[in-house]
Amino acid sequence: MSEQFPIVNPRVEDGLALSDATMVEFGDGCTDAMSIVPGEHEVGDRVPCPSCAGEHEISSALSIPIAHNITITEHEHEPGD
């Protein structure tokens, strides 16, 4: 996912290249689940929707960092997989 995610306010912490993002929920119900948008945003902000061409007002928000320089090279299978 981070390969397709724009880098906003990049910084390096503990060797990780991080950028700001916000997990949001839109009040108008455009998306059924939370969406991630680049940058730091707060409830009430209007942001471009990742699912449609419009903008929506944020009804809930959680700031999260996105790591851009990680690679998953191995996956441990759980019993039953």
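The values are calculated or read from the model by the stated rules, or taken from the named source; none is laboratory data. As the structure is a prediction and not an experimental result, all values here were calculated from the model. Glycine also receives a Cβ, built like all others from the backbone with ideal geometry; neighbour counts cover every protein chain displayed. These area figures cover heavy atoms from the full protein model, side chains too; ligands, DNA and RNA do not enter into them. Shrake-Rupley method; radii C 1.70, N 1.55, O 1.52, S 1.80 Å.
What the table below lists for this structure:
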quantity: Odd one out for C30, checked against (1) within 23 Å of H68 (Cβ to Cβ); (2) at pLDDT below 90; (3) surrounded by 12 or more Cβ atoms within 10 Å (Cβ to Cβ); calculated: (1)
quantity: Candidate set from the stretch 33-81 (those that are open to solvent by less than 90 Å² (accessible area, probe 1.4 Å) and touching a Lys or Arg at 6+ places or on another chain (Cβ under 8 Å)); member that is farthest from G15 (Cα to Cα); calculated: H56
quantity: Strands (runs of 3 or more DSSP E) (entirely within the stretch 19-71) containing at least 2 residues that are in contact with a helix residue (DSSP H, G or I) (Cβ under 8 Å, 6 or more places away or on another chain); calculated: 55-67
quantity: Residue within the stretch 17-25 that is open to solvent by 70 Å² or more (accessible area, probe 1.4 Å) and either among the aliphatic types (A, V, I, L, M) or in contact with a Pro (Cβ under 9 Å, 6 or more places away or on another chain) (or both) present; calculated: no
